[in-house]
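*Asks:* Mind looking over this structure? Questions follow.
The values are calculated or read from the model by the stated rules, or taken from the named source; none is laboratory data. Fair warning: this is a prediction, and the values are worked out from it, not measured in the lab. Heads up, the Cβs are rebuilt from the backbone with ideal geometry, glycines too, and the neighbour counts pull from every protein chain shown. Please note that ligands, DNA and RNA were not included when accessible areas were found on the heavy atoms of the full protein model with its side chains. Shrake-Rupley method; radii C 1.70, N 1.55, O 1.52, S 1.80 Å.
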Amino acid sequence: MTDNSETPATKKLQWGGRFGAGPAAVMQAINVSIGFDSRLWAEDIAGSRAHAAMLGAQKILTPEDVAAIDAGLADIAAEIGAGTFKFSDTLEDIHTNVEVRLTERIGEAARRLHTGRSRNDQVATDFRLWVRRAIDDVGAQVKDLMLAMATRAAEHAGSVMPGFTHLQTAQPVTFGHHLLAYVEMLARDAGRLEDTRRRLNECPLGAAALAGTSFPIDRFATAAALGFARPTANSLDSVSDRDFALEYLSALSILAMHLSRFAEEIIIWCSSPYRLISLSDAFTTGSSIMPQKRNPDAAELTRAKTGRIFGHLLGLLTVMKGLPMAYAKDMQEDKEPVFDASEAISLCLAATAGMVRDLTADTARMADLAGSGFSTATDLADWLVRVLKMPFRDAHHVTGQIVRLAEARGVDIAQLTLEEMRSAEPRITAEIFDVLTVEASVASRVSYGGTAPANVSAQAAKWLEQLS
């Protein structure tokens, strides 16, 4: 709810006696931030309650003032939560909106709340609190997606599919192994979010405008009350730093890139030439003119939103790159990109987890394509090295000759006769055919991290235990 009216409290609070007239309409329009920073209301009230309690403990405010402030802020939180609070564009931001309302409710005690702080350290604290909570929410979604992928990987530990390089058939792998590759990526994403959270978990409150304050405040107390590990150590850095927002956007950008890669694979796997998987009506749409179509739009939109998140990171980097210390109003542009990127990544994570749980793998089609494109050629070369003790470069050359022969005949390697293979290497025996099936190929990849079904089952079980 927005209200643009001014009250006597409004006029007295905003700029004191320095300004004799109000801002031009365009100045107010460009300056106002309540349209987006109102979502910081819970963080702003929490910070103010912690600050007031500390001022009381330090005997800067009386117990009566602290009690009135705390009760008034609790009432304002209830108003906002109920949707009855009137946010005012005239009051510019969330901090002033809350403080003016507090003044209306409890009178003179509210005017003492701002002792020993500035809007500069106040907004830095609010924003860190918001990003910290967002990291926890996104991290939980990342782990849910990891759980969905590990669950499907366990189901498909032995489901053979084509593995690709350059989007060309390379070697057979299992579908479970492919899914676990994304679990590894997501684990790194979760780690980056945790690292970002650890670094941002310092409290700027009490740094004031830029130089600290002459009041005997206890910044360690407010930091502890708000769940921070410690207060920030330099007052200039406290109010001018937005590294935490940039790190968060950077972590979201890498996460979005991973989701986009998986979305691209879903799109390819669903396409008619591949038909490796299908998605239900829950995650597809139709065509307005072609009744046969089933479009993987959830995946396509996940892929598209990646550019939006990348753009927010670049935008905030550009805002910050030329700012001298300490605070500048440019930094008001920090919140909208972070809010929007958070919403976008949350939606993409939910959609991706939904698609993973929804998809149906066509394991027969996967196995059929896994053997295409001479995908077991490396197994032939490895056999030449292992059994005939041939140097790998020589084995690679012989295998290339055999592939060329199969290509000329229009058959797969395993469909050549033993005599045809021996034309390239006379010592080849009939045992070679034992390693040329896709099942034998994947079963042989027993090295740590390889695609052997036993490996995949063990890795999936490890992740399921860790994530459950």
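*Asks:* Can you give me the long-range amide H partners of D362? Hydrogens built in the peptide plane at 1.01 Å from N, cutoff under 5 Å, separation of 5 or more residues or another chain.
*Replies:* When sequence neighbours closer than 5 places are left aside, the close amide H contacts are I277, S278.
*Asks:* Express the relative contact order of the chain as a whole percentage, based on alpha carbon pairs under 8 Å and six or more residues apart in sequence.
*Replies:* Relative contact order comes out at 17 percent.
*Asks:* While we're on this one: Please get the size of the charge dipole for the chain, origin at its Cα centre, with Cβ charges of +1 on Lys and Arg and -1 on Asp and Glu, quoted in debye to the nearest 20.
*Replies:* On the way: 47 positive and 58 negative charges, 118 e Å.
It comes to approximately 560 debye.
*Asks:* In terms of solvent-accessible area of protein heavy atoms at a 1.4 angstrom probe, what is the ranking of H178, H114, H95, highest value first? Please list the in-between numbers first.
*Replies:* Working: H178 35, H114 60, H95 10 Å².
Putting H178, H114, H95 in descending order of accessible area: H114, H178, H95.
*Asks:* So, in Å, what gap is there between the alpha-carbon centers of the range 121-145 and the range 354-405?
*Replies:* For the range 121-145 versus the range 354-405, the Cα centre distance is 45 Å.
*Asks:* By accessible area of protein heavy atoms, probe 1.4 Å, what ranking do K143, K305, K86 get, highest first?
*Replies:* Numbers: K143 90, K305 50, K86 120 Å².
From most accessible down to least: K86, K143, K305.
*Asks:* Ok, one more. Mind jotting down a quarter of the surface of the convex hull over the alpha carbons of the range 354-468, in square nanometres, one decimal?
*Replies:* Numbers: hull surface 36.5 nm².
For the range 354-468, averaging the hull's shadow over all directions gives 9.1 nm².
*Asks:* Can you give me the distance in nm between label points at T62 and L405, each placed 7 Å from the Cα along the Cα-to-Cβ direction?
*Replies:* 10.2 nm
*Asks:* Name the long-range amide H neighbours of A170: under 5 Å, sequence gap of 5 or more, or other chain; modelled H, no Pro or chain starts.
*Replies:* Residues meeting the criterion, in which the H sits 1.01 Å from N, are G163, F164, T165.
*Asks:* Under a 5 Å amide H to amide H cut-off, with H placed in plane at 1.01 Å, what residues pair with F87 once short-range neighbours are removed?
*Replies:* HN-HN under 5 Å from F87: T2, D3.
*Asks:* What ³J(HN,Hα) values, in whole Hz, does the Karplus curve 6.51 cos²θ - 1.76 cosθ + 1.60 give for the range 416-433 when θ = phi - 60°, with x put for Gly and Pro?
*Replies:* The phi angles translate into 6, 7, 4, 4, 5, 5, 5, 5, 8, 8, x, 7, 5, 10, 5, 4, 4, 5 Hz.
*Asks:* What are the equivalent ellipsoid semi-axes of the range 346-416, built from the alpha-carbon gyration tensor (square roots of five times its eigenvalues), in whole angstrom, biggest first?
*Replies:* Working: eigenvalues 283, 54, 20 Å².
Semi-axes from the Cα gyration tensor: 38, 16, 10 Å.
*Asks:* Still on this structure: Let me have the relative contact order for the range 53-117, percent, based on Cα pairs under 8 Å that are six or more residues apart. All intermediate terms of the calculation are to be shown ahead of the outcome.
*Replies:* On the way: 34 pairs, mean separation 22.3, N = 65.
Averaging sequence separation for qualifying contacts and normalising by length gives 34 percent for the range 53-117.
*Asks:* Pop a pseudo-label 7 angstrom from the Cα along the beta-carbon direction at both A454 and E104 and give the gap in nm to one decimal.
*Replies:* 7.3 nm
*Asks:* Taking only the alpha-carbon atoms of the chain, what semi-axes of the equivalent ellipsoid follow from 5 times the gyration tensor eigenvalues under a square root, in whole Å, largest first? Kindly include the intermediate steps, with their values, before the conclusion.
*Replies:* Numbers: eigenvalues 775, 103, 70 Å².
The answer is 62, 23, 19 Å, longest axis first.
*Asks:* Separate question: PRE reach from E431 (point 7 Å along Cα→Cβ): which of the range 363-399 fall under 15 Å by backbone N?
*Replies:* Inside the label zone: 380-390.
*Asks:* Work out how much length N31 to R199 would gain on full extension: take 0.36 nm times their residue separation and subtract the Cα-Cα distance, in nm to one decimal. Please list the in-between numbers first.
*Replies:* Details: separation 168, 0.36 × 168 = 60.48 nm, distance 3.01 nm.
Contour length minus Cα-Cα distance gives 57.5 nm.
*Asks:* Apply the Karplus curve 6.51 cos²θ - 1.76 cosθ + 1.60, θ = phi - 60°, to the phi angles in the range 327-344 and return the couplings in whole Hz, x for Gly and Pro.
*Replies:* Along the range 327-344, the couplings run 7, 9, 5, 3, 6, 5, 7, 7, 7, 4, x, 5, 4, 5, 4, 5, 5, 5 Hz.
*Asks:* Compute the FRET efficiency between E465 and A224 as 1/(1 + (r/R0)^6), taking r as their Cβ-Cβ distance and R0 = 41 Å, and round to the nearest 0.05.
*Replies:* Working: r = 35 Å, r/R0 = 0.84.
Using R0 = 41 Å, I get an efficiency of 0.75.
*Asks:* Next question, about the same structure. With +1 assigned to the C-beta of every Lys and Arg and -1 to the C-beta of every Asp and Glu, and no other charges, what is the dipole magnitude of the range 245-393 about the Cα centre in debye, to the nearest 20?
*Replies:* On the way: 15 positive and 17 negative charges, 99 e Å.
With only Lys, Arg, Asp and Glu charged at Cβ, the dipole is about 480 debye.
*Asks:* Got a sec? Charge dipole of the range 65-206, +1 on Cβ for Lys and Arg, -1 for Asp and Glu; which of A77, A154, A170 is way out at the positive end?
*Replies:* Looking along the dipole axis, the top candidate is A170.
*Asks:* Which value in deg cm²/dmol, rounded to the nearest 500, describes the helix-derived mean residue ellipticity at 222 nm for the chain, given -39,500 (n - 2.57) per DSSP H run of n ≥ 4 and division by the residue count?
*Replies:* Working: 19 runs with 285 residues, N = 468.
For the chain, the value works out to -20000 deg cm²/dmol.
*Asks:* Just going by the charge dipole of the chain, with Lys and Arg at +1 and Asp and Glu at -1 on Cβ, which of N295, T125, L323 is farthest out on the positive end?
*Replies:* L323
*Asks:* Just the accessible area for F392, please: 1.4 Å probe, Å², rounded to the nearest 10?
*Replies:* 90 Å²
*Asks:* Place a +1 charge on the Cβ of each Lys and Arg in the range 311-450 and a -1 charge on the Cβ of each Asp and Glu, then give the dipole magnitude about the Cα centre in debye, rounded to the nearest 20.
*Replies:* Values: 13 positive and 20 negative charges, 90 e Å.
Value, rounded to 20: 440 debye.
*Asks:* While we're looking at this one, here's another question. Using a Förster radius of 56 Å, what is the FRET efficiency between S372 and A82 based on their Cβ-Cβ separation? Nearest 0.05, please.
*Replies:* Values: r = 62 Å, r/R0 = 1.11.
It comes to 0.35.
*Asks:* Just to verify a number: FRET efficiency for A304 and R393, C-beta to C-beta distance, R0 = 45 Å, to 0.05? Each step should come with its number before you reach the end.
*Replies:* Numbers: r = 45 Å, r/R0 = 1.00.
FRET efficiency, A304 to R393: 0.50.
*Asks:* What do you get for Rg/Rh over the range 166-283 if you use C-alpha atoms and the Kirkwood form of Rh?
*Replies:* Numbers: Rg = 22.9 Å, Rh = 18.2 Å.
Checking Rg against Rh, the ratio lands at 1.25.
*Asks:* For the range 79-84, take each phi angle, set θ = phi - 60°, evaluate the Karplus expression 6.51 cos²θ - 1.76 cosθ + 1.60, and give the result in whole Hz per residue in order, putting x for glycine and proline.
*Replies:* So the Karplus estimates, Gly and Pro as x, are 4, 5, x, 7, x, 9 Hz.
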